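Quick note: the coordinates plus some simple rules give every number you see, no bench work behind them. The model shown is predicted, which means the values in this text are computed figures rather than measured ones. Here Cβ is always computed from backbone atoms with ideal geometry, including for glycine, and neighbour counts include all displayed protein chains.
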Amino acid sequence: MESAGSQGKSGPEQAAFRAALERFGQLLRAILIEFPTSAGALINDESVGRRLAVEFERWLRDPASMPPWWQNLQMAQVFVQPPSQSGQPFNLGSALKVDAAPPLMAQNHFIQTSQRVSGLTARWSQLQAQLAMHWNTIARTAGERFIGRATISSTALDLTTIRKLYDWWIECAEQAYAATVHTDDFCRTQAELVNVTTSLLLEQRRQVESFAPMFGMVTRSEVDALRREMKRMQTEPRPASGRRASKGPRRKVKTR
Amino acid sequence: MSDSPGDLAAAWSEFNRRSIDAAMKLREASTAAVGCSLKTEVWRQDKVALYRYLPLPFIQAARAKPVLICFALVNRPYVLDLQPDRSLIRRLLAAGLEVYLIDWGRPDESDSDIGLCDYIERYMGACVQHVLKSHGSKALNLIGVCQGGTFSLCYCALNPQHVANLVTMVTPVDFQTPDDLLSKWARHLDMDSIRRAGNIPGAMLTGLFLSLAPFRLMHQKYVGLLDHVLDADEAERFVRMEKWIFDSPDQVAAATAQFVQWFYQENRLIHGSVELGGRRVNLQRIRQPVLNIYAKQDHIVPPSAVTALRRYIGSRDYTEKAVDTGHIGLYVSRTAQEHVPGLIASWIRARA
């Protein structure tokens with residue numbers, strides 16, 4: 001028997017389960033509020049279809065609905081302080097409130113770093129905006145496809161019907177999603193976003209590396225160098241130990 | 001949700017009741033262990049281990065060379081032995097085969113320099129040698145799964161003398177077929193920067209795979225649990241699968257960068273330009289019998305990426321088998337369990 005990573009604990013799978021049910025519950029609630037008197041009665045299919053399409057689109061426009069991979073890319077937000085808030089490009093010195101940072105670092109290097117980070121941050125924001133446009137397209141197309149397919153005429157609006165509509169919507173959303181995420185434009189945007197995010201991560205690491213010695217902290221490069229050295233020592237054959245290794249004549253041990 | 005309450009208020013309370021019931025069943029099942037067959041570690045180097053599965057009692061050993069299974073780096077291999085009724089390994093044991101499994105372990109930052117050559121030639125090579133030595137055999141049966149299948153193809157092309165028969169399951173060969181979404185997403189990545197950023201967190205990889213079909217995998221799958229009352233076995237099976245899906249080890253920076261660049265971006269495997277330890281991987285050198293199994297509804301490795309194999313290998317004894325399931329379904333679905341292990345066992349025995 002093997003234990004999996006999250007065994008016994010509330011893992012990401014349980015969070016995903018809760019999130020999915022919460023979404024479906026919201027959908028049910030919206031229908032319940034919109035059509036309170038239609039319980040069990042025949043309802044107008046078009047109005048329900050449109051109402052559901054609005055609800056689904058609202059759901060899709062929520063950033064929390066974005067695929068997990070995209071949400072991972074949001075991590076770069078730690079680098080991004082919108083100009084309207086700070087007016088300055090990100091730098092670790094100010095983030096750490098180290099007022100003395102510029103004098104301690106070479107001024108030129110500091111400016112170059114700030115400019116580089118600023119450029120990357122601006123590009124990162126542009127790419128996020130482009131990705132959001134793709135996401136909007138997916139939401140809109142999914143809604144259109146859904147309205148085109150959702151025919152529930154002469155049907156009582158019960159849980160089974162709503163569940164069926166939900167399945168249709170999932171199908172429409174997957175189709176709209178696939179149509180977008182296979183396009184060259186999307187693939188390039190997403191890849192560049194990953195690349196810029198990585199560059200920002202590396203830039204942040206470089207900044208930490210330049211600050212760490214000021215606080216007497218070990219840097220990542222030093223730890224990596226140490227690991228490499230330890231590996232080298234482990235893999236290299238050990239020299240024969242003690243006297244046996246010595247090529248000189250063995251000393252005779254005096255015996256009493 | 002097959003009962004029609006006919007009343008939305010009733011529907012709402014029914015939804016709540018089933019949600020709570022499912023949540024409780026899943027919580028009760030959360031301690032379900034994964035991996036069911038007895039195994040013993042017979043070799044280890046760094047974080048890589050080789051396991052030998054103990055033969056099942058009262059099963060007569062088949063007249064066949066030992067079987068070595070090579071799984072992908074991107075997920076844990078216990079999915080092949082998830083629970084007694086969903087275990088490829090157990091069924092191979094029941095067919096009397098000797099089964100070994102390579103477990104790549106859970107790498108950390110100290111492993112970030114490990115490359116594909118280390119994985120395929122050093123670790124996998126050592127595992128093969130260990131099995132051969134233990135059985136006094138010159139060759140074994142190699143089963144490669146997903147990325148592990150790609151590794152197995154490389155190993156087999158470089159060391160054909162050690163592989164008697166090769167089985168590949170959902171194994172990408174042509175990494176640039178038009179329906180391969182992962183390939184399209186990987187095409188423009190700057191793998192040098194990504195490598196320098198260090199190991200890739202497993203959670204990120206899980207997110208990537210879920211993002212291939214996010215609405216089905218992140219929503220519909222869970223809502224579907226409310227369609228009927230879950231029984232305890234069903235809840236346990238679901239929890240085991242979920243644990244496996246979310247249990248991706250971190251990916252070694254160097255090997256991942258090489259894999260994405262060489263295979264996804266440059267499609268080197270079919271062009272014969274993968275080089276490991278100074279030797280070129282030429283698929284034409286694979287002349288032993290090959291059984292290539294794929295899933296018809298695979299959204300991770302599309303069938304077109306798998307079936308390309310027949311065009312590039314030198315083998316004349318080539319069998320292809322399609323199973324009507326998805327990528328993960330090929331490991332655990334009932335359909336796959338009914339057909340795949342029996343097919344592999346009989347195919348191997350016929351070539352003993």
I need to check one value: relative contact order of region B:136-205, counting alpha carbon pairs closer than 8 Å and at least 6 residues apart, in percent. 29 percent
Average Cα contact separation per residue, chain B, under 8 Å, 6 or more apart, as relative contact order %: 22 percent
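How well do other chains shield peptide B:181-188, expressed as the mean number of their Cβ atoms within 10 Å of each residue Cβ?
Average neighbour count from other chains, rounded to a whole number: 5.
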Kindly write out, for region A:176-188 in residue order, the coupling ³J(HN,Hα) from the Karplus curve 6.51 cos²θ - 1.76 cosθ + 1.60 (θ = phi - 60°), rounded to whole Hz, with x marking Gly and Pro. 5, 4, 4, 4, 7, 6, 8, 6, 4, 4, 4, 4, 5
Using a Gaussian network model of chain B with C-alpha springs under 10 Å, which one of B:ILE194, B:ILE286, B:ILE20 is most mobile by mean-square fluctuation? B:ILE20
C-alpha long axis of helix B:147-158 to longest principal axis of chain B, angle in °: 10 degrees
Dipole-positive endmost among B:VAL163, B:HIS219, B:VAL332 within chain B (Cβ charges, Cα centre): B:VAL163
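Counting DSSP beta bridges with both partners in chain B, what percentage is antiparallel, nearest 5?
Around 40 percent of the beta bridges assigned by DSSP in chain B are antiparallel ones.
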Name the residue, out of B:HIS219, B:HIS271, B:HIS299, whose mean-square fluctuation peaks in a Gaussian network model built on chain B with Cα pairs under 10 Å. B:HIS219
Compute the length gained on full extension between B:GLN129 and B:ARG334: take 0.36 nm times their separation in residues and subtract their Cα-Cα distance, giving the result in nm to one decimal. 70.4 nm
By count of other Cβ within 10 Å, fewest leading, how are B:HIS327, B:HIS228 ordered? B:HIS228, B:HIS327
Pairs over 26 Å Cα to Cα, from B:LYS39/B:LYS221; A:LYS231/B:LYS243; B:LYS39/B:LYS296; B:LYS25/B:LYS321; B:LYS39/B:LYS243; B:LYS133/B:LYS243, come to B:LYS39/B:LYS221; A:LYS231/B:LYS243; B:LYS39/B:LYS296; B:LYS25/B:LYS321; B:LYS133/B:LYS243
To test your reading of the geometry: what angle, between 0 and 90 degrees and rounded to tens, separates the Cα axis of helix B:125-135 from the longest principal axis of chain B? 80 degrees
Once the Cβ-Cβ distance between A:GLN115 and A:THR183 is put in as r, and R0 is 35 Å, what FRET efficiency do you end up with, to the nearest 0.05? 0.60
Within 10 Å of each candidate Cβ there may be at most 10 other Cβ atoms; applying that plus a DSSP loop requirement, which trypsin sites (Lys or Arg not before Pro) in region B:42-147 survive? B:ARG63, B:LYS138
Peptide-level mean, for A:22-31, of C-beta atoms on other protein chains within 10 Å: 3
Among B:ILE59, B:ILE313, B:ILE300, residue whose mean-square fluctuation peaks in a GNM of chain B (springs only between Cα atoms under 10 Å): B:ILE59
Got a sec? How would B:SER30, A:SER118 order by Cβ neighbour count within 10 Å, fewest to most? A:SER118, B:SER30
I'd like the trypsin sites (Lys or Arg not before Pro) in region B:284-343 restricted to DSSP loop residues with at most 11 other Cβ atoms within 10 Å, sorted by number. B:ARG316
Give me B:THR319, A:THR235 ranked fewest to most by other Cβ atoms within 10 Å of their Cβ, as a rough exposure proxy. A:THR235, B:THR319
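What does the charge dipole of region B:127-209 about its Cα centre add up to, to the nearest 20 debye, if the Cβ of each Lys and Arg holds +1 and the Cβ of each Asp and Glu holds -1?
Charge dipole of region B:127-209: 320 debye, to the nearest 20.
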Chymotrypsin sites (Phe, Trp or Tyr not before Pro) in region A:104-135 lying in a DSSP loop, each with at most 13 other Cβ atoms within 10 Å of its Cβ, come to none
Could you grab the relative contact order for region B:1-145? Cα pairs under 8 Å, six or more apart, rounded to a whole percent. 27 percent
Report, as an integer, the average count of C-beta atoms from other chains found within 10 Å of each Cβ along A:167-176. 3
